[in-house]
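Here is the structure we will look at, set down as structure tokens.
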Amino acid sequence: MSLTSDPPAAPSLTKEPGTAVTTPPAPAELVVVPVRHPWRWVAVAATAVLLTQFVHGLVTNPGWEWDVFAAFFTTETILRAVWVTLQLTFHGTALGFAIGIVLAFMRLSASPFLRSVAFGYIWAFRSIPLIVQLLFWFNLAYLYKELSIGIPFGPSFLSFDTTGLVGEMSAAVLGLALHQAAYAAEIVRGGVLAVDEGQLEAAASLGIPRLRQVRRIVLPQAMRSILPNAANEIISLFKGTSIVSVMAIGELFYQVQVVYGRNGRVVPLLMVATAWYVLLTTALSVVQHYVERHYAKGSAR
Amino acid sequence: MSSVTTADPAAGSTATTTAKVEIRAVHKNFGPLHVLRGIDLDVRAGEVTVVLGPSGSGKSTLLRTINHLEKVDSGTVSVDGTLVGYRRSGNKLYELRERDVLKQRTRIGFVFQNFHLFPHLTVLDNIVEAPVSALKRPRKEAEAAARKLLERVGLADKAESYPKQLSGGQQQRVAIARALALEPGLLLFDEPTSALDPELVGEVLDVIKDLAASGTTMIVVTHEIGFAREVADTVVFMDEGRIVEQGPPAEVLDSPRHERTRAFLSKVL
Ligand SMILES: Nc1ncnc2c1ncn2[C@@H]1O[C@H](COP(=O)(O)OP(=O)(O)O)[C@@H](O)[C@H]1O
Ligand SMILES: [Mg+2]
């Protein structure tokens, strides 16, 4: 019953004019009258008025003190604080996702023990508020300065025995990263699960080595669903670094508070912080766009 | 089908040694479901075996046990005299480590119903991936071989395309080329044309016929009776996890001995 390879000739179907039941007039004679949307215009007008009022307020209300904003936006104190914020974000993200990837594969592993440990970790760190955790680590930093060795989370954190500031920075990064790892793990796991099982079977049937399967076949495809969520996480971590201000670390939000504590110009300085957060979040979004485009290779969407 | 070049001795049949397959008393359960109930099957080197049977009769599962994508519960599968997935020592069967199973699979090509091409890699990279990573072939060499294979399946101009840009028939031909890139001694096809639009079936069957003529051992699960009649050395009919009957196509297809075979054939013909 194998089918013959020549399909029924189709050309008669493609030239359809003349076969229609009633001949419609030529297109040129017809005028299209679009549907009118009067309420849409009312809504646009109302929104425009509100928006104009808001902008007008921003510009004319002296309370915003734009001169103070301009004076502080790029002062060295603020720039250094921005740099600290970026560092916290970068290290928190890098370490957080590194741990997260390990946790994700632990949760996907065949070993019930590894699965449970990863599950327990994610459960715990998603349950504890970040600020509580940070204070905990902050206090532990002092502990470690005395203990200096024998930390349960790996050798790379042995640098705790250094002076106060390094210890605080490390504690902050650690707190952010451990918190981030729990979310990153679920994002990575979700991405890996979203890859069609057939892909792994195909790779296995070709005898492609295991690590190579993960690196070359699974992760690049998982990236498509990981990236939007990961970008969300990075952006929220970036803004979340402001929480670290409770530990008196000189990141952007803390530094702004310090400055307005001294000069009393609360609103313009909050605007300085806001502007920086918006600016850098925008930059991250642009990067996200290009990275996503890279991983969209070969896909229709 | 004009799009398929016929076996050209230079590009065609590589110096592949073809393998025989011996399946002995294979059982497989999925939970309470007894899917394979004692399968015995011999496939001689260089022969084409077509497996027929109703949906759910265990055809795919059987095919998947042959390259150890599915572990058997009991019984043995050997390809070219070597046990698949196990090493025998005295009376004991030792499970092979994944690395060794993967190595065994490079000798067995598998073509899936839904192609399972890697969507993020170009056609050429799809084909080159396994020879480079599993057989450690130099990339240049593997690419040259891949281009020859693409020519052989009539897709020489698609090397840089992504799978999504190809028709189903073209994708399946790439999948066949990908399996061939390892120069396997055995090729397994699981309903290679079932996911295709009817007008694309022919081009894929033509490639498989061409391969059959080149003397590679093949086991093909399919519902294409015409193909079975033309190409198969042996036709196997499966039902409810057992092989009901097997023999030359003329026997099994034209004068089946079992009622169940007759009933099935009357439905698909
Ligand atoms: N991984 C699995 N888990 C549970 N049941 C399965 C699995 N794979 C196949 N089955 C079941 O085994 C039976 C045989 O499946 P299969 O070998 O795919 O049949 P066929 O290919 O002949 O249609 C079916 O009832 C199917 O639902
Ligand atoms: Mg099947």
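The values are calculated or read from the model by the stated rules, or taken from the named source; none is laboratory data. This one's a predicted model, so the numbers in the text were calculated from it and none came from an experiment. As a convention, Cβ positions derive from the backbone with ideal geometry for all residues, glycine included, and neighbour counts pool all protein chains shown. SASA here: full protein model, heavy atoms, side chains in, ligands and nucleic acids out. Shrake-Rupley method; radii C 1.70, N 1.55, O 1.52, S 1.80 Å.
Under 4 °C and 1.567 mPa s, how fast does chain B diffuse according to Stokes-Einstein, given a Kirkwood radius computed over C-alpha pairs? Answer in µm²/s, whole number. Numbers along the way, then the final one.
Numbers: Rh = 19.0 Å.
Answer from the Stokes-Einstein relation: 68 µm²/s.
Sort B:GLU183, B:GLU141 by heavy-atom solvent-accessible area, probe 1.4 angstrom, most to least. Don't skip to the answer; put the middle values down first.
Working: B:GLU183 65, B:GLU141 110 Å².
Heavy-atom accessible area, descending, gives B:GLU141, B:GLU183.
What average count of beta carbons from other chains do you get within 10 Å of the Cβ of residues in B:199-206? All intermediate terms of the calculation are to be shown ahead of the outcome.
On the way: counts 6, 3, 4, 6, 1, 0, 3, 1.
Taking all residues of B:199-206 together, the mean is 3.
What list of ³J(HN,Hα) couplings, whole Hz, do you get for the range A:66-73 from phi and the Karplus terms 6.51, -1.76, 1.60, once you set θ to phi - 60° and write x for glycine and proline?
5, 5, 5, 3, 4, 5, 9, 3
With the Cα gyration tensor of the range A:215-256 giving a ≥ b ≥ c as the square roots of its eigenvalues, does the rule (a/c under 1.5 for rounded; else a/b larger than b/c for prolate; else oblate) give rounded, prolate or oblate? Don't skip to the end; give the middle numbers.
Working: a/c = 5.49, a/b = 3.70, b/c = 1.48.
Note, shape of the range A:215-256 comes out prolate.
Rank these residues by their accessible area, most exposed first, probe 1.4 Å: B:LYS59, B:LYS140, A:LYS239, B:LYS103.
Values: B:LYS59 10, B:LYS140 170, A:LYS239 100, B:LYS103 130 Å².
So, going from the largest accessible area down, we get B:LYS140, B:LYS103, A:LYS239, B:LYS59.
Specify the residue with the greatest mean-square fluctuation among B:ARG87, B:ARG229, B:ARG44, computed from a Gaussian network of chain B linking alpha-carbon atoms under 10 Å apart.
B:ARG87
Considering only DSSP beta bridges with both partners in the range B:86-237, what is the antiparallel share in %, to the nearest 5?
Details: 4 of 13 bridges.
So the antiparallel bridges amount to about 30 percent of the total.
Starting from the amide H of B:VAL48, placed 1.01 Å from N in the peptide plane, find each other amide H under 5 Å away whose residue is 5 or more places distant or on another chain.
Amide H neighbours of B:VAL48: B:MET218, B:ASP233, B:THR234.
Counting only residues 5 or more places away or on other chains, whose amide H sits under 5 Å from the amide H of B:LEU117 once H atoms are built in the peptide plane?
none
Tell me, what HN-Hα J-couplings in whole Hz come from the Karplus equation 6.51 cos²θ - 1.76 cosθ + 1.60 at θ = phi - 60° for each residue of the range B:68-78, using x for Gly and Pro?
Running phi through 6.51 cos²θ - 1.76 cosθ + 1.60 with θ = phi - 60° gives 6, 5, 10, 7, 7, 8, 7, x, 9, 10, 10 Hz.
Using the Cα gyration tensor of the range A:172-301, with a ≥ b ≥ c the square roots of its eigenvalues, what is the shape: rounded (a/c below 1.5), prolate (a/b larger than b/c) or oblate (neither)? Intermediate values should be presented prior to the final figure.
Details: a/c = 4.71, a/b = 2.50, b/c = 1.88.
Verdict is prolate for the range A:172-301.
Dipole size in debye (nearest 20) for the protein assembly as shown around its Cα centre, Lys and Arg Cβ +1, Asp and Glu Cβ -1? Before the final figure, lay out each step's value.
On the way: 54 positive and 51 negative charges, 240 e Å.
Rounded to the nearest 20 debye, it is 1160 debye.
If amide H atoms are built 1.01 Å from N in the plane of the peptide, which residues on other chains or at least 5 residues away come under 5 Å of the amide H of B:MET238?
It is B:LEU52, B:GLY53, B:VAL244, by chain and number.
Which lysines have a Cα less than 28 Å from the Cα of A:LYS297, not counting those fewer than 8 places away in the same chain?
Cross-link targets: B:LYS136, B:LYS140, B:LYS148, B:LYS158, B:LYS164.
Need the list of lysines near B:LYS59 for cross-linking: C-alpha distance under 21 angstrom, and skip anything on the same chain fewer than eight residues off.
The qualifying lysines are B:LYS20, B:LYS28, B:LYS71, B:LYS209, B:LYS267.
Please report the accessible area of A:ARG216 (heavy atoms, 1.4 Å probe, ligands and nucleic acids excluded) in Å², nearest 10.
Its heavy atoms expose roughly 60 Å² to the probe.
With the Cα gyration tensor of the range A:67-295 giving a ≥ b ≥ c as the square roots of its eigenvalues, does the rule (a/c under 1.5 for rounded; else a/b larger than b/c for prolate; else oblate) give rounded, prolate or oblate?
Details: a/c = 2.84, a/b = 1.55, b/c = 1.83.
Oblate is the answer for the range A:67-295, as a/c is 1.5 or above yet b/c matches or exceeds a/b.
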